[in-house]
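This report concerns only the one structure given below.
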């Protein structure tokens, strides 16, 4: 009789070890699924935060360009229709202004790279209100890579006075 009892015990052990293997595989697949989901969410958050950072860089470049044009126009009348004396500098860079016309309305443009980010600025002078419009586009990349960088962001600032 002992022979029968030990064979029953061994059969019960064999069926329990199969169940343990199935339970381990189930737990491993759940843990793998959760970790994959957490990784995907974290990756999206990193991408989103880098876009936010680049957006700030683009806005600051646009703001710097607009403030530079505003300073040179209000303090030195640099964007008048006559040829200015001297050269304007912003962020230690000499501005090369194009589009200067001897009559109104006149639109002059320049670009420079404050902090390594591109700022493209246009200053429109007119005799109709508002007399001056400054439009600055800031980019999250350098001026040379605007067209080739797929993640380049643009932000704009416009001043009227």
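The values are calculated or read from the model by the stated rules, or taken from the named source; none is laboratory data. Keep in mind that what you see is a predicted model, and the values were worked out from it rather than measured. Ideal geometry is used to build each Cβ from the backbone, glycine not excepted, and the neighbour counts take in all protein chains shown.
Taken over the stretch 127-161, residues that are closer than 23 Å to residue 116 by Cβ and in a loop (DSSP other than H, G, I, E, B) amount to 11.
Here's the yes/no breakdown for (1) closer than 19 Å to residue 58 by Cα; (2) surrounded by fewer than 19 Cβ atoms within 10 Å (Cβ to Cβ); (3) over 19 Å from the mean Cα position of the chain (by Cα):
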{"residue": "90", "(1), (2), (3)": "yes, no, yes"}
{"residue": "103", "(1), (2), (3)": "no, yes, yes"}
{"residue": "118", "(1), (2), (3)": "yes, no, no"}
{"residue": "127", "(1), (2), (3)": "no, yes, yes"}
{"residue": "137", "(1), (2), (3)": "yes, no, no"}
{"residue": "143", "(1), (2), (3)": "yes, yes, no"}
{"residue": "150", "(1), (2), (3)": "yes, yes, no"}
{"residue": "157", "(1), (2), (3)": "yes, no, no"}
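When the test is whether a residue is at pLDDT 95 or above, over 30 Å from residue 49 (Cα atoms) and assigned to a strand (DSSP E or B), residue 122 passes it.
Of everything in the stretch 60-76, what is crowded, with 20+ Cβ neighbours inside 10 Å and farther than 12 Å from residue 114 by Cα? Give them in sequence order.
Correct list: 69, 72, 73.
In the set 85, 55, 80, 50, which member is part of a loop (DSSP other than H, G, I, E, B) and either touching a residue at least 12 places away in the same chain (Cβ under 8 Å) or under 30 Å from residue 150 (Cα atoms) (or both)? Give the derivation first.
Working: 85 fails: either touching a residue at least 12 places away in the same chain (Cβ under 8 Å) or under 30 Å from residue 150 (Cα atoms) (or both); 55 fails: part of a loop (DSSP other than H, G, I, E, B); 50 fails: part of a loop (DSSP other than H, G, I, E, B).
Sole residue among the options that is part of a loop (DSSP other than H, G, I, E, B) and either touching a residue at least 12 places away in the same chain (Cβ under 8 Å) or under 30 Å from residue 150 (Cα atoms) (or both): 80.
Within the stretch 134-156, the residues that satisfy the criterion of being in contact with a strand residue (DSSP E or B) (Cβ under 6 Å, 6 or more places away or on another chain) and more than 20 Å from residue 89 (Cα to Cα) are 146, 152, 154, 155, 156. Evaluation of residue 18 against the conditions (1) under 30 Å from residue 131 (Cβ atoms); (2) over 32 Å from the mean Cα position of the chain (by Cα) shows that the sole unmet condition is (1).
Could we say that residue 142 is touching a helix residue (DSSP H, G or I) at 6+ places or on another chain (Cβ under 9 Å), in contact (Cβ under 8 Å) with a residue 40 or more places away in the chain and under 21 Å from residue 54 (Cβ atoms) here?
Here the answer is no, as residue 142 does not meet what is asked.
Criterion applied to 34, 26 was being more than 30 Å from residue 140 (Cβ to Cβ), modelled with pLDDT of 90 or more, in a helix (DSSP H, G or I) and more than 36 Å from the chain's Cα centre (by Cα), and the one residue passing it is 26.
Consider the stretch 81-95 and keep the residues that are in contact with a strand residue (DSSP E or B) (Cβ under 7 Å, 6 or more places away or on another chain) and more than 15 Å from residue 114 (Cβ to Cβ). The one that is modelled with the lowest pLDDT is 81.
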